[in-house]
Amino acid sequence: MTPPTTGARAVQLRPETQRLRREVRDFLAEERAAGTVMGRPDSWLTGWDPGFTRRLAERGWVGMALPKEYGGGGRGNLERYVVIEELLAAGAPVSAHWVADRQAGPSILRHGTEEQRRRFLPRIAAGRCFFSIGMSEQHAGSDLAAVRTRAERTDDGWRLTGTKTWTGGAHLNDYAIVLARTDDESGDRHAGLSQFIVGLRDPRVRIEPIRLLSGEHTFNYFHLEGVELGADALLGRPGDGWRQVTGELALERSGPERFLSTVPLLTALVEQLRRGACTPEQHTRVGRLTARLSSIRQLSLGVAAALEAGRPADVQAALVKDLGTRFEGELVNEVREILPTAARTDTTKGSYPELLATAILHSPGYTLRGGTNEILRGIITRGLELPS
Ligand SMILES: Cc1cc2nc3c(=O)[nH]c(=O)nc-3n(C[C@H](O)[C@H](O)[C@H](O)COP(=O)(O)OP(=O)(O)OC[C@H]3O[C@@H](n4cnc5c(N)ncnc54)[C@H](O)[C@@H]3O)c2cc1C
(Lines give C-alpha, C1' and ligand atoms only; values in the text may rest on other atoms or scores of the structure.)
Protein backbone atom coordinates (compact mmCIF):
# COMPACT_ATOMS: atom_id res chain seq x y z
CA MET A 1 0.00 0.00 0.00
CA THR A 2 1.27 3.49 -0.81
CA PRO A 3 1.52 5.54 2.39
CA PRO A 4 -0.19 8.95 2.61
CA THR A 5 2.16 11.88 1.92
CA THR A 6 2.48 15.44 3.18
CA GLY A 7 4.12 16.98 0.11
CA ALA A 8 7.11 18.13 2.25
CA ARG A 9 10.37 18.74 0.35
CA ALA A 10 14.02 18.66 1.51
CA VAL A 11 15.76 22.06 1.67
CA GLN A 12 19.40 22.99 1.06
CA LEU A 13 20.48 26.31 2.56
CA ARG A 14 22.59 28.60 0.36
CA PRO A 15 26.23 29.37 1.34
CA GLU A 16 25.37 33.04 2.10
CA THR A 17 22.68 31.84 4.52
CA GLN A 18 25.27 29.66 6.25
CA ARG A 19 27.57 32.72 6.49
CA LEU A 20 24.72 34.57 8.20
CA ARG A 21 24.51 31.69 10.70
CA ARG A 22 28.19 32.19 11.59
CA GLU A 23 27.60 35.93 12.09
CA VAL A 24 24.76 35.16 14.51
CA ARG A 25 26.94 32.68 16.41
CA ASP A 26 29.71 35.30 16.72
CA PHE A 27 27.20 37.86 17.98
CA LEU A 28 25.86 35.37 20.54
CA ALA A 29 29.37 34.57 21.75
CA GLU A 30 29.97 38.32 22.31
CA GLU A 31 26.68 38.65 24.17
CA ARG A 32 27.47 35.63 26.34
CA ALA A 33 30.88 37.11 27.18
CA ALA A 34 29.19 40.43 28.06
CA GLY A 35 26.94 38.65 30.58
CA THR A 36 23.59 38.43 28.71
CA VAL A 37 21.51 35.62 30.20
CA MET A 38 21.53 32.71 27.72
CA GLY A 39 20.97 28.98 27.67
CA ARG A 40 17.44 29.04 29.11
CA PRO A 41 14.60 26.75 28.00
CA ASP A 42 11.54 28.57 26.61
CA SER A 43 13.52 31.78 26.10
CA TRP A 44 11.06 32.94 23.42
CA LEU A 45 8.33 32.95 26.05
CA THR A 46 10.09 34.14 29.21
CA GLY A 47 13.37 35.78 28.14
CA TRP A 48 12.23 39.44 28.11
CA ASP A 49 15.26 41.67 27.47
CA PRO A 50 14.49 44.81 25.40
CA GLY A 51 18.19 45.79 25.40
CA PHE A 52 19.10 42.50 23.73
CA THR A 53 16.23 42.98 21.25
CA ARG A 54 17.55 46.43 20.29
CA ARG A 55 21.08 45.11 19.80
CA LEU A 56 19.64 42.40 17.53
CA ALA A 57 17.66 45.04 15.65
CA GLU A 58 20.81 47.11 15.12
CA ARG A 59 22.21 44.10 13.23
CA GLY A 60 19.02 43.95 11.13
CA TRP A 61 17.78 40.74 12.77
CA VAL A 62 14.36 41.94 13.94
CA GLY A 63 11.71 42.45 11.26
CA MET A 64 14.28 41.13 8.81
CA ALA A 65 11.65 39.75 6.40
CA LEU A 66 9.67 43.05 6.38
CA PRO A 67 10.20 45.26 3.31
CA LYS A 68 12.97 47.88 3.47
CA GLU A 69 10.53 50.71 2.77
CA TYR A 70 8.98 50.04 6.19
CA GLY A 71 12.30 49.80 8.01
CA GLY A 72 12.62 46.00 7.64
CA GLY A 73 15.56 44.02 6.29
CA GLY A 74 13.91 42.96 3.01
CA ARG A 75 15.35 39.46 3.48
CA GLY A 76 13.81 36.04 2.92
CA ASN A 77 12.06 33.58 5.22
CA LEU A 78 14.97 31.15 5.17
CA GLU A 79 17.45 33.82 6.27
CA ARG A 80 15.10 34.76 9.10
CA TYR A 81 14.76 31.06 9.92
CA VAL A 82 18.51 30.62 10.35
CA VAL A 83 18.74 33.64 12.64
CA ILE A 84 15.89 32.56 14.88
CA GLU A 85 16.99 28.94 15.11
CA GLU A 86 20.42 30.07 16.30
CA LEU A 87 18.83 32.38 18.89
CA LEU A 88 16.50 29.67 20.19
CA ALA A 89 19.14 26.93 20.28
CA ALA A 90 21.31 29.31 22.33
CA GLY A 91 18.35 30.03 24.67
CA ALA A 92 18.76 33.77 23.99
CA PRO A 93 16.27 36.25 25.55
CA VAL A 94 14.04 36.97 22.54
CA SER A 95 10.56 37.14 24.04
CA ALA A 96 10.21 40.96 23.95
CA HIS A 97 10.02 41.11 20.14
CA TRP A 98 8.94 37.51 19.45
CA VAL A 99 5.26 38.06 18.62
CA ALA A 100 5.89 41.42 16.91
CA ASP A 101 8.53 39.86 14.66
CA ARG A 102 6.78 36.54 14.00
CA GLN A 103 3.19 37.55 13.44
CA ALA A 104 2.08 41.10 14.31
CA GLY A 105 4.51 42.69 11.82
CA PRO A 106 3.63 40.34 8.91
CA SER A 107 -0.07 40.67 9.74
CA ILE A 108 0.04 44.49 9.73
CA LEU A 109 2.00 44.37 6.47
CA ARG A 110 -0.62 42.13 4.91
CA HIS A 111 -3.86 43.53 6.25
CA GLY A 112 -3.01 46.98 7.62
CA THR A 113 -3.63 50.36 6.06
CA GLU A 114 -0.68 52.32 4.71
CA GLU A 115 -0.91 54.55 7.78
CA GLN A 116 -0.77 51.50 10.13
CA ARG A 117 2.24 50.09 8.25
CA ARG A 118 4.13 53.38 8.56
CA ARG A 119 3.15 53.75 12.23
CA PHE A 120 4.09 50.27 13.47
CA LEU A 121 6.50 48.46 11.15
CA PRO A 122 9.58 50.73 11.45
CA ARG A 123 9.29 50.60 15.27
CA ILE A 124 8.90 46.80 15.22
CA ALA A 125 12.02 46.45 13.06
CA ALA A 126 13.92 48.82 15.37
CA GLY A 127 13.08 46.52 18.31
CA ARG A 128 11.07 49.29 19.98
CA CYS A 129 7.46 48.13 19.70
CA PHE A 130 6.24 44.90 21.26
CA PHE A 131 3.01 42.96 20.72
CA SER A 132 0.87 40.32 22.45
CA ILE A 133 -1.67 37.89 20.95
CA GLY A 134 -5.24 38.60 22.09
CA MET A 135 -7.06 35.55 20.77
CA SER A 136 -7.95 33.05 23.53
CA GLU A 137 -10.79 33.44 26.01
CA GLN A 138 -12.10 31.29 28.84
CA HIS A 139 -14.55 29.46 26.56
CA ALA A 140 -12.76 30.01 23.27
CA GLY A 141 -9.39 28.31 22.96
CA SER A 142 -9.57 25.38 20.57
CA ASP A 143 -12.93 26.71 19.45
CA LEU A 144 -11.66 30.19 18.69
CA ALA A 145 -14.77 31.23 16.76
CA ALA A 146 -16.61 31.22 20.12
CA VAL A 147 -14.93 34.46 21.28
CA ARG A 148 -17.27 36.71 23.27
CA THR A 149 -15.25 39.92 23.34
CA ARG A 150 -17.44 42.48 21.59
CA ALA A 151 -16.52 45.49 19.51
CA GLU A 152 -19.37 47.96 19.07
CA ARG A 153 -19.30 50.86 16.68
CA THR A 154 -19.20 54.34 18.24
CA ASP A 155 -19.45 57.74 16.53
CA ASP A 156 -15.76 57.86 15.83
CA GLY A 157 -14.56 54.27 16.15
CA TRP A 158 -15.12 51.23 18.35
CA ARG A 159 -15.71 50.22 21.97
CA LEU A 160 -14.27 46.88 23.11
CA THR A 161 -15.54 44.85 26.06
CA GLY A 162 -14.48 41.36 27.12
CA THR A 163 -11.72 39.28 28.71
CA LYS A 164 -8.83 37.55 27.01
CA THR A 165 -6.81 34.84 28.71
CA TRP A 166 -3.30 33.39 28.46
CA THR A 167 -2.10 36.68 27.02
CA GLY A 168 1.68 36.30 27.05
CA GLY A 169 3.57 39.50 27.88
CA ALA A 170 0.47 41.76 28.18
CA HIS A 171 2.02 43.34 31.30
CA LEU A 172 5.20 44.21 29.40
CA ASN A 173 4.28 44.77 25.75
CA ASP A 174 2.90 47.87 24.03
CA TYR A 175 -0.02 46.49 22.01
CA ALA A 176 -2.16 43.38 21.51
CA ILE A 177 -3.96 42.33 18.35
CA VAL A 178 -7.41 41.44 19.68
CA LEU A 179 -9.95 39.18 17.98
CA ALA A 180 -13.48 40.43 18.72
CA ARG A 181 -17.02 39.92 17.51
CA THR A 182 -18.29 42.86 15.51
CA ASP A 183 -21.45 41.28 14.17
CA ASP A 184 -23.53 38.30 15.29
CA GLU A 185 -26.48 38.80 12.99
CA SER A 186 -25.34 36.23 10.41
CA GLY A 187 -25.72 32.54 11.32
CA ASP A 188 -22.09 31.86 10.29
CA ARG A 189 -19.90 31.84 13.46
CA HIS A 190 -16.80 32.65 11.44
CA ALA A 191 -18.30 35.75 9.90
CA GLY A 192 -18.58 38.86 12.03
CA LEU A 193 -15.15 38.60 13.68
CA SER A 194 -12.62 41.41 13.32
CA GLN A 195 -9.15 42.26 14.61
CA PHE A 196 -8.11 45.42 16.48
CA ILE A 197 -4.79 46.90 17.53
CA VAL A 198 -5.23 47.76 21.22
CA GLY A 199 -2.76 49.78 23.30
CA LEU A 200 -2.01 47.79 26.46
CA ARG A 201 -1.42 50.88 28.58
CA ASP A 202 -4.96 52.17 27.93
CA PRO A 203 -6.57 53.04 31.31
CA ARG A 204 -9.54 50.80 30.44
CA VAL A 205 -7.30 47.77 29.95
CA ARG A 206 -6.86 45.86 33.21
CA ILE A 207 -4.18 43.21 33.40
CA GLU A 208 -4.33 40.37 35.88
CA PRO A 209 -1.40 37.95 36.21
CA ILE A 210 -1.64 34.17 35.72
CA ARG A 211 1.38 32.48 37.26
CA LEU A 212 3.15 29.49 35.72
CA LEU A 213 3.80 26.42 37.91
CA SER A 214 7.28 27.85 38.44
CA GLY A 215 5.75 31.05 39.87
CA GLU A 216 6.95 33.12 36.89
CA HIS A 217 4.66 35.85 35.61
CA THR A 218 4.51 35.67 31.82
CA PHE A 219 0.72 35.31 31.24
CA ASN A 220 -2.31 37.37 32.04
CA TYR A 221 -6.00 37.80 31.90
CA PHE A 222 -6.45 40.98 30.00
CA HIS A 223 -9.78 42.73 30.67
CA LEU A 224 -11.10 45.21 28.10
CA GLU A 225 -13.42 47.38 30.17
CA GLY A 226 -15.13 49.47 27.49
CA VAL A 227 -11.91 50.43 25.72
CA GLU A 228 -12.59 53.33 23.30
CA LEU A 229 -10.66 53.02 20.04
CA GLY A 230 -10.46 55.21 16.96
CA ALA A 231 -11.53 53.88 13.56
CA ASP A 232 -7.83 53.42 12.73
CA ALA A 233 -7.53 50.63 15.35
CA LEU A 234 -9.33 48.15 13.07
CA LEU A 235 -6.84 45.79 11.39
CA GLY A 236 -8.11 44.65 8.00
CA ARG A 237 -11.76 44.75 6.99
CA PRO A 238 -14.67 44.25 9.42
CA GLY A 239 -15.72 40.59 9.30
CA ASP A 240 -12.35 39.37 7.97
CA GLY A 241 -10.99 38.51 11.42
CA TRP A 242 -11.34 34.74 11.04
CA ARG A 243 -9.46 34.62 7.74
CA GLN A 244 -6.74 36.89 9.14
CA VAL A 245 -6.36 34.89 12.34
CA THR A 246 -6.01 31.57 10.53
CA GLY A 247 -3.26 33.13 8.39
CA GLU A 248 -1.47 34.22 11.59
CA LEU A 249 -1.77 30.74 13.09
CA ALA A 250 0.15 29.27 10.12
CA LEU A 251 3.05 31.60 11.02
CA GLU A 252 2.65 30.70 14.70
CA ARG A 253 2.80 26.93 14.31
CA SER A 254 5.64 25.86 12.10
CA GLY A 255 8.68 27.78 13.29
CA PRO A 256 11.67 26.43 15.19
CA GLU A 257 10.16 27.54 18.52
CA ARG A 258 7.95 24.45 18.17
CA PHE A 259 10.83 22.03 18.65
CA LEU A 260 13.77 24.01 20.06
CA SER A 261 12.23 25.29 23.32
CA THR A 262 13.97 22.67 25.47
CA VAL A 263 17.12 22.18 23.39
CA PRO A 264 19.17 24.44 25.71
CA LEU A 265 18.56 21.71 28.32
CA LEU A 266 20.02 19.12 25.94
CA THR A 267 23.07 21.36 25.45
CA ALA A 268 23.41 21.70 29.24
CA LEU A 269 23.16 17.90 29.58
CA VAL A 270 25.96 17.40 27.04
CA GLU A 271 28.11 19.86 29.02
CA GLN A 272 27.48 17.80 32.17
CA LEU A 273 28.32 14.54 30.41
CA ARG A 274 31.52 16.05 29.01
CA ARG A 275 32.70 16.77 32.54
CA GLY A 276 32.33 13.14 33.69
CA ALA A 277 32.69 9.76 32.07
CA CYS A 278 29.90 9.44 29.53
CA THR A 279 28.68 5.84 29.24
CA PRO A 280 27.92 4.25 25.85
CA GLU A 281 24.23 4.19 26.77
CA GLN A 282 24.18 7.90 27.57
CA HIS A 283 26.00 8.55 24.31
CA THR A 284 23.48 6.54 22.31
CA ARG A 285 20.48 8.20 23.93
CA VAL A 286 21.82 11.70 23.26
CA GLY A 287 22.45 10.58 19.67
CA ARG A 288 18.85 9.41 19.30
CA LEU A 289 17.51 12.73 20.57
CA THR A 290 19.76 14.60 18.14
CA ALA A 291 18.59 12.45 15.22
CA ARG A 292 14.94 13.17 16.05
CA LEU A 293 15.70 16.85 16.35
CA SER A 294 17.38 16.84 12.97
CA SER A 295 14.44 15.22 11.17
CA ILE A 296 11.87 17.61 12.70
CA ARG A 297 14.09 20.52 11.73
CA GLN A 298 14.13 19.35 8.10
CA LEU A 299 10.34 19.29 8.07
CA SER A 300 10.15 22.76 9.63
CA LEU A 301 12.69 24.13 7.12
CA GLY A 302 10.50 22.68 4.37
CA VAL A 303 7.60 24.79 5.68
CA ALA A 304 9.78 27.94 5.72
CA ALA A 305 10.81 27.22 2.11
CA ALA A 306 7.19 26.58 1.07
CA LEU A 307 6.08 29.88 2.63
CA GLU A 308 8.94 31.67 0.85
CA ALA A 309 7.81 30.16 -2.46
CA GLY A 310 4.16 31.06 -1.76
CA ARG A 311 3.09 27.39 -1.53
CA PRO A 312 0.45 26.34 1.04
CA ALA A 313 1.95 24.48 4.01
CA ASP A 314 -0.82 24.16 6.59
CA VAL A 315 -0.56 20.36 6.91
CA GLN A 316 3.22 20.38 7.22
CA ALA A 317 2.99 23.22 9.75
CA ALA A 318 0.55 21.20 11.86
CA LEU A 319 2.87 18.16 11.60
CA VAL A 320 5.86 20.21 12.75
CA LYS A 321 3.92 21.42 15.75
CA ASP A 322 2.64 17.96 16.68
CA LEU A 323 6.01 16.20 16.29
CA GLY A 324 8.04 19.14 17.56
CA THR A 325 6.14 19.98 20.72
CA ARG A 326 5.90 16.31 21.72
CA PHE A 327 9.67 16.14 21.21
CA GLU A 328 10.13 19.17 23.50
CA GLY A 329 8.41 17.39 26.39
CA GLU A 330 9.89 13.95 25.71
CA LEU A 331 13.36 15.49 25.60
CA VAL A 332 12.90 16.65 29.20
CA ASN A 333 11.88 13.15 30.34
CA GLU A 334 14.77 11.55 28.43
CA VAL A 335 17.28 13.99 29.90
CA ARG A 336 16.05 13.10 33.39
CA GLU A 337 16.69 9.42 32.68
CA ILE A 338 20.04 9.94 30.93
CA LEU A 339 21.50 11.82 33.89
CA PRO A 340 19.29 11.46 36.99
CA THR A 341 19.52 14.78 38.85
CA ALA A 342 17.35 16.42 41.51
CA ALA A 343 15.62 19.35 39.79
CA ARG A 344 15.63 22.49 41.96
CA THR A 345 14.18 25.97 41.69
CA ASP A 346 15.91 27.24 44.85
CA THR A 347 19.43 27.13 43.48
CA THR A 348 21.73 29.23 41.28
CA LYS A 349 19.95 30.53 38.19
CA GLY A 350 21.39 28.85 35.12
CA SER A 351 22.78 25.86 37.03
CA TYR A 352 21.89 22.43 35.62
CA PRO A 353 19.33 21.51 38.37
CA GLU A 354 17.62 24.90 37.92
CA LEU A 355 17.43 24.60 34.12
CA LEU A 356 16.01 21.09 34.54
CA ALA A 357 13.37 22.37 37.00
CA THR A 358 12.39 25.18 34.60
CA ALA A 359 11.96 22.79 31.67
CA ILE A 360 9.88 20.38 33.80
CA LEU A 361 7.64 23.13 35.19
CA HIS A 362 7.03 24.55 31.71
CA SER A 363 6.21 21.09 30.26
CA PRO A 364 2.39 21.23 30.46
CA GLY A 365 2.34 24.12 27.98
CA TYR A 366 4.46 22.68 25.17
CA THR A 367 1.67 20.83 23.33
CA LEU A 368 -1.10 23.32 24.24
CA ARG A 369 0.16 26.71 23.14
CA GLY A 370 -0.52 27.78 19.57
CA GLY A 371 -3.39 25.27 19.28
CA THR A 372 -3.47 21.86 20.97
CA ASN A 373 -2.01 18.80 19.28
CA GLU A 374 -5.41 17.06 19.23
CA ILE A 375 -6.79 19.87 17.08
CA LEU A 376 -3.71 19.82 14.86
CA ARG A 377 -4.05 16.09 14.26
CA GLY A 378 -7.51 16.79 12.85
CA ILE A 379 -5.95 19.26 10.39
CA ILE A 380 -3.27 16.71 9.46
CA THR A 381 -5.76 13.91 8.89
CA ARG A 382 -7.99 16.07 6.71
CA GLY A 383 -5.03 17.42 4.72
CA LEU A 384 -2.98 14.28 4.01
CA GLU A 385 -2.80 13.39 0.33
CA LEU A 386 -4.28 9.89 0.44
CA PRO A 387 -3.48 7.58 -2.49
CA SER A 388 -6.52 7.06 -4.68
C1 LIG B 1 1.97 28.40 27.46
C2 LIG B 1 0.77 28.96 26.73
C3 LIG B 1 0.86 30.21 26.07
C4 LIG B 1 -0.27 30.75 25.43
N5 LIG B 1 -0.18 32.03 24.90
C6 LIG B 1 -1.30 32.60 24.39
C7 LIG B 1 -1.28 33.97 23.99
O8 LIG B 1 -0.27 34.68 24.13
N9 LIG B 1 -2.41 34.49 23.45
C10 LIG B 1 -3.54 33.75 23.28
O11 LIG B 1 -4.51 34.28 22.74
N12 LIG B 1 -3.59 32.45 23.68
C13 LIG B 1 -2.49 31.88 24.25
N14 LIG B 1 -2.54 30.57 24.70
C15 LIG B 1 -3.81 29.83 24.62
C16 LIG B 1 -3.79 28.60 23.73
O17 LIG B 1 -3.82 28.94 22.37
C18 LIG B 1 -4.97 27.74 24.17
O19 LIG B 1 -4.66 27.24 25.46
C20 LIG B 1 -5.22 26.57 23.25
O21 LIG B 1 -5.68 27.02 22.01
C22 LIG B 1 -6.24 25.58 23.85
O23 LIG B 1 -7.39 26.23 24.26
P24 LIG B 1 -7.97 25.98 25.75
O25 LIG B 1 -6.87 26.21 26.72
O26 LIG B 1 -9.22 26.80 25.86
O27 LIG B 1 -8.34 24.43 25.81
P28 LIG B 1 -9.67 23.74 25.34
O29 LIG B 1 -10.03 24.20 23.97
O30 LIG B 1 -10.70 23.87 26.41
O31 LIG B 1 -9.21 22.23 25.24
C32 LIG B 1 -9.09 21.39 26.40
C33 LIG B 1 -8.68 20.00 25.92
O34 LIG B 1 -9.71 19.47 25.06
C35 LIG B 1 -9.17 19.09 23.79
N36 LIG B 1 -10.13 19.40 22.73
C37 LIG B 1 -10.83 20.57 22.57
N38 LIG B 1 -11.59 20.51 21.45
C39 LIG B 1 -11.33 19.30 20.87
C40 LIG B 1 -11.79 18.65 19.68
N41 LIG B 1 -12.65 19.25 18.85
N42 LIG B 1 -11.29 17.43 19.40
C43 LIG B 1 -10.39 16.81 20.22
N44 LIG B 1 -9.93 17.37 21.37
C45 LIG B 1 -10.39 18.60 21.69
C46 LIG B 1 -7.93 19.94 23.62
O47 LIG B 1 -7.01 19.34 22.74
C48 LIG B 1 -7.39 20.01 25.06
O49 LIG B 1 -6.64 18.86 25.36
C50 LIG B 1 -1.47 30.01 25.37
C51 LIG B 1 -1.54 28.76 26.00
C52 LIG B 1 -0.45 28.25 26.70
C53 LIG B 1 -0.59 26.93 27.40
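The values are calculated or read from the model by the stated rules, or taken from the named source; none is laboratory data. Since we're looking at a predicted model, the values are computed, not measured. Glycine also receives a Cβ, built like all others from the backbone with ideal geometry; neighbour counts cover every protein chain displayed. We work out accessible area using only protein heavy atoms, side chains counted, and drop any ligands, DNA or RNA first. Shrake-Rupley method; radii C 1.70, N 1.55, O 1.52, S 1.80 Å.
Just a few scattered comments:
- Charge dipole (debye, nearest 20) of the stretch 133-241; +1 at Cβ of Lys and Arg, -1 at Cβ of Asp and Glu: 280
- For Ile338, the shell of other residues with beta-carbons less than 9 Å away shows a net charge of -1, using +1 for Lys and Arg and -1 for Asp and Glu.
- Computed magnitude of the charge dipole of the chain (debye, nearest 20; Cβ of K, R +1, Cβ of D, E -1): 840
- The chain, accessible surface, carbon-and-sulfur percent (1.4 angstrom probe): 51
- Among Asn220, Gly239, Trp158 - extreme Cα towards positive end, dipole of the stretch 133-241, charges at beta-carbon: Asn220
- Under 17 Å from the Cα of Lys349 - aspartates and glutamates, other chains or at least 8 residues apart: Asp42, Asp49, Glu216, Glu271
- Surface accessible to a 1.4 Å probe, per residue, for the residues of the chain, Å²: 46
- FRET efficiency estimate (nearest 0.05) - Cβ-Cβ, Arg189 to Ser294, R0 30 angstrom: 0.15
- Taking other residues whose beta carbon is less than 13 angstrom from the beta carbon of Asp232, and scoring Lys, Arg as +1 and Asp, Glu as -1, yields -1.
- Kyte-Doolittle at least 1.0, axis length at least 30 Å by Cα - qualifying DSSP helices, the chain: none
- Gyration tensor verdict on the stretch 33-169 (Cα atoms; rounded if a/c is under 1.5, prolate if a/b is larger than b/c, oblate otherwise): oblate
- Segments 53-65, 10-22 sorted - mean Cβ within 10 Å per residue, highest first: 53-65, 10-22
- Glu228 - accessible surface, heavy atoms, 1.4 Å probe, Å² rounded to 10: 90
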